[in-house]
Amino acid sequence: MTATGLDPAAAAPAPAGGVWADVVGQDAAVAQFRRAASPGGSLAQAWLVTGPPGSGRSTAARAFAATLQCERGTGCGQCRACRTTLANTHPDVTVVATDKLSIAKEEVRALVMTAQRAPATGRHRVVIVEDADRMTAGTFNVLLKSIEEPPPATVWMLCAPSAEDLAPTIRSRCRLVTLSVPSSEVVAELLRRRDGIDESLAVRAARAAQGHIGLALRYATQEGALAAREESARTLLGLGGTGQAVLAAQSLVDRATAEAKEHADVVATEEKERFLHSAGIEDGKVPPSLRAQMRQLEEDAKRRQTRLVRDVLDRYLLDAHSVLRDVLSRQLGTGSELVNVEVAPEIEQVAAQGSGRVTLGLLEAVQEARERIGGNVPPLLAIEALLARIATSLR
Ligand SMILES: [Zn+2]
């Protein structure tokens, strides 16, 4: 550590754009944030950052927090305040992320307490809630007071898919920043620069993820993920009849369940360990007084897995949607680039056999299936019905 508070690692050249380097494809939002953080800017104390999943809401919120804390006041990306904020270790920046279905009222109460405290080292105290849409109505009320009259140095940053996901009382007190879906070009460039992904793989992964940055990274780094997606596209385009559709539906749901379970198990184990640790239990024997809490934890985990299965299936359906959109674009002769270039021959063939009107109907059917699964229709039922319709329409 040197006298300026910068350690040797900080001597590396600053990435272009300092703390904003990884907030890609969001020029308008970045300009809005930077203006607010600049010396003459008007700094709102409650912000609502909205944008579709994977567009970089929490990355943007963190970059803004870093700009507010930056020792040079610019969001340089090099000073200790910038680096610790981006690494989630700045003492005056609290980030709440949740894998749970909802954010508990007690959790928000604790946050409100934190928000009341003056900053320890930085110029501001920043509280970022990554999934503000997972707060229940009662929880919003706990938050409301603190957002209405925060201490002078406190800044709240709520992130959600859309403004409608929050209670009107909350949203009317926040300054709104809207992120858009980043283009696959900027996502590919980010994977290349930030994650060192080889150019052609980055382009493929970004195109497949259709503007979802986290998903693009997964496609680029997870063995077999892109191949599985391609295989699904091929299956969809080759469905020969309802018998095949039923089998394909079952295999899709099985795959989604396995993928969700893998993720849910990791989280559940971590949670259980944290619980046992905080209760001071080392031999794994839970005393009767804590068994109800333990059971609650297990039930939460089960519910989370159910939701995860639906999330994964929704992603598969979005993939199916992109394949059918490619078919439609060929039928209409739009000349636009295919999302699923890997299965271009199959797309051309199906496009030549059918009509645009039929494909449009199928695109609507995919959206309908997504809504049904988002509601409470058993996923297998909804997917079977969809694939059977596709199988009989495409031939
Ligand atoms: Zn800085």
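The values are calculated or read from the model by the stated rules, or taken from the named source; none is laboratory data. Every value quoted in this text rests on a predicted model; they were computed, and no experiment measured them. Here the Cβ positions follow ideal geometry from the backbone for every residue, glycine too, while neighbour counts run over all protein chains shown. Side chains included, ligands, DNA and RNA excluded: accessible areas come from the protein's heavy atoms. Shrake-Rupley method; radii C 1.70, N 1.55, O 1.52, S 1.80 Å.
With +1 assigned to the C-beta of every Lys and Arg and -1 to the C-beta of every Asp and Glu, and no other charges, what is the dipole magnitude of the range 184-268 about the Cα centre in debye, to the nearest 20?
160 debye
Our estimate of slack between residue 137 and residue 183, defined as 0.36 nm per intervening residue step minus the Cα-Cα distance, is 13.1 nm.
Looking at the square roots a ≥ b ≥ c of the eigenvalues of the Cα gyration tensor of the range 194-328, which shape do they give, rounded for a/c under 1.5, prolate if a/b is larger than b/c, or oblate? Because a/c hits 1.5 or more and a/b fails to exceed b/c, the range 194-328 counts as oblate.
Using a simple spin-label model with pseudo-atoms 7 Å out from Cα toward Cβ, residue 364 and residue 120 lie 5.8 nm apart.
For residue 255 and residue 307, calculate 0.36 nm times their separation in residues minus their Cα-Cα distance, and state this gained length in nm to one decimal. Intermediate values should be presented prior to the final figure.
Details: separation 52, 0.36 × 52 = 18.72 nm, distance 1.47 nm.
That pair, residue 255 and residue 307, stretches by 17.3 nm at full extension.
By the Cα gyration tensor, the range 89-136 has an equivalent ellipsoid whose semi-axes, rounded to whole angstrom, run 22, 11, 7 from largest to smallest.
Distances between placed amide hydrogens fall under 5 Å for residue 154 paired with 125, all partners being 5 or more residues away or on another chain. Atom-type composition of the exposed protein surface of the range 314-395 places 54 percent of the accessible area on carbon and sulfur (1.4 angstrom probe). The count of lysine pairs in the chain whose Cα atoms are under 20 Å apart, excluding pairs fewer than 8 places apart on the same chain, comes to 8. Run the Debye formula on the Cα coordinates of the chain, all scatterers equal and no solvent, and tell me log10 I(q)/I(0) at q = 0.06, 0.09 1/Å. For the requested q values the scattering log ratios are -0.29, -0.66.
Under 11 Å from a label point set 7 Å out along the Cα-to-Cβ vector of residue 176, no amide N atom of the range 117-154 is found. Computed over protein heavy atoms with a 1.4 Å probe, the accessible surface of the chain works out to 49 Å² per residue. Fully extending the segment from residue 227 to residue 102 would add 41.6 nm, taking 0.36 nm per residue of separation and subtracting the current Cα-Cα distance. Using a probe radius of 1.4 angstrom, the carbon and sulfur fraction of the accessible surface of the range 167-259 is 55%. Applying a DSSP loop filter and a limit of 12 other Cβ atoms within 10 Å to the GluC sites (Glu not before Pro) in the range 210-283 leaves 223, 282.
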